[in-house]
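J.: After the structure tokens below, expect a handful of questions from me.
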Amino acid sequence: MTVATAINLALVLMCLVVMVQAIRMDRRIRALRDGHLEQAVEKLDHATHQARIVLTELKRVLSTDAAAQGEIIHVARELRDELSVMVGLGNSVAERIVDAADKARAAEAGVRRRSARWREEADAVLRAEDAARVPAAPAPASSLGDEPRDLTSIVFDLTSKRGNRVA
């Protein structure tokens, strides 16, 4: 075999491969023309139409929902403003209550100090009366160490000295 014959055989073989591929391609192009291409285009058109419907519905829903959400936000802001006013009022009332409680505690402490002073003065008056009543003869020793007195006489003495004030 010569080189020319080998090249011719290789060329024939390559031509046969190209013919087989051309036949396969022709069959596929005919299949697309016969209906597969039309079906694919129809499916694509149907999907596009469905997407347009969904987008239109989505736009409608978003426009109505946005308006509703805007109203809700407006009402929420009004409620927030009212609540802030109410909280301010509550805080001022609480401050007034705390101030009144502080004043009441101060007044109560003052009353306690005055009643303590009054008791001290009453005890001083009783001691002075006891000292003034010292008998000439020594008094008999009692179990309490002082002369026993009736409670009503003590109260009477205290009220007569203090102008009928009883604590």
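The values are calculated or read from the model by the stated rules, or taken from the named source; none is laboratory data. What you see is a predicted model, and the numbers here were worked out from it, not measured in a lab. For neighbour counting, all protein chains shown are included, and Cβ atoms are generated from backbone atoms with ideal geometry for every residue, glycine included.
J.: Can you tell me which residues in segment 17-63 are of a type in the set (G, A, S) and under 60 Å from the mean Cα position of the chain (by Cα)?
T.: A40, A47, A51, S63
J.: Continuing with this model, one more query. Being closer than 20 Å to V111 by Cβ, at pLDDT 50 or above and over 60 Å from the mean Cα position of the chain (by Cα) narrows it down to one residue among T152, T159; which is it?
T.: T159
J.: Here's another thing I want to ask about it. So, in segment 68-126, exactly how many residues are touching a residue at least 24 places away in the same chain (Cβ under 8 Å) and of a type in the set (A, V, I, L, M)?
T.: Within segment 68-126, residues that are touching a residue at least 24 places away in the same chain (Cβ under 8 Å) and of a type in the set (A, V, I, L, M) number 3.
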